[in-house]
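Reading through the structure tokens given below for one structure.
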Amino acid sequence: MKVLLIEDDQFFQKFYSSKLLEQQYQVATASNGEEGLTQAKSFAPDIIILDIIMPKKNGFEFLTARAADPALKKIPVIVFSTLGQDDDVKKALDLGANDFVNKGLFDFEAVKLKIAKMVK
Amino acid sequence: MDNDVAKYKDLFITTAKDYCTQIIQALSTLSTNPQATQAIDAVHLSSHSLKSQNAAMGFSSSAEMFMTIEKIFAKIQEQSAHISSELLTEIKNCIDDFSYSLAQIQHNNQEQDMSAHTEKLQTFNR
């Protein structure tokens, strides 16, 4: 299964990408929303894990662009949330994100379950 | 400190130091140009990342401090708050003490208490 991880923070990008690779997912990463859109089109992931606060197109802008693209719209998106981001998560879900997970909990099992739920 | 968290301590310290450097550089820009958008965005983004990383590692006092800085700079981005030299000085003090805290974390996993800084920062977040 192919996962695109769009996350600017190197700490979280490295943690979650190595966990995904350990579990035999194919992983592509992007460090901002603009790069994420390019990767989403070329890598054609089965699912996208998306951070919200990023430079060069944030998560909201990515979701808006995704909603306007018939091919990208079909790819489920799980947003990464963190402390104090309840409003951001709600906004992301309103913009079409399918689910969210708190990246700060380091709960990779929760991430795996959500991926499995999204991609049957 | 549980297994995954302990394994990523070095990565946390390295990336946290990078973000601190970015904040310091942005503060320097803002001291002469308080309208500099890129510098304002840099402080917002870096403090957001430091909040998340510290929360993930269980360093809640630091996470709260950086969340406060993030909120202040979100208001500055929306132009509902402004940069002052007092704010810049306080953030510099926060980074100095956080850098000391990182050194303590590296040695003995002991986070320093940042609550006094959070309290002081709250006076800028009204």
B:F98 vs. criteria in contact (Cβ under 8 Å) with a residue 60 or more places away in the chain, away from chain A (no Cβ under 14 Å) and not polar (S, T, N, Q): yes
- line: Selection over region B:21-48 where residues are within 14 Å of chain A (Cβ to nearest Cβ) and among the hydroxyl-bearing types (S, T, Y) yields a count of 4
message: What are the pairs with Cβ atoms under 7 angstrom where one residue, in region B:56-83, is among the small types (G, A, S) and the other, located anywhere, is part of a helix (DSSP H, G or I) and surrounded by fewer than 20 Cβ atoms within 10 Å (Cβ to Cβ)? Sequence gap at least six, or different chains.
response: B:G58/B:V5; B:S61/B:S115; B:A81/B:K75
message: Every residue in region A:10-60 that is in contact (Cβ under 8 Å) with a residue 24 or more places away in the chain, of a type in the set (G, A, S) and buried (at least 18 other Cβ atoms within 10 Å of the Cβ), please.
response: A:A28, A:A30, A:S31, A:G33, A:G36, A:A40, A:G59
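Just so you know, all these numbers are worked out from the coordinates, no wet-lab data involved. Owing to the predicted nature of the structure, the values given are computational and were not obtained by experimental measurement. Positions of Cβ are generated from backbone atoms using ideal geometry, with glycine treated the same way; all protein chains shown enter the neighbour counts.
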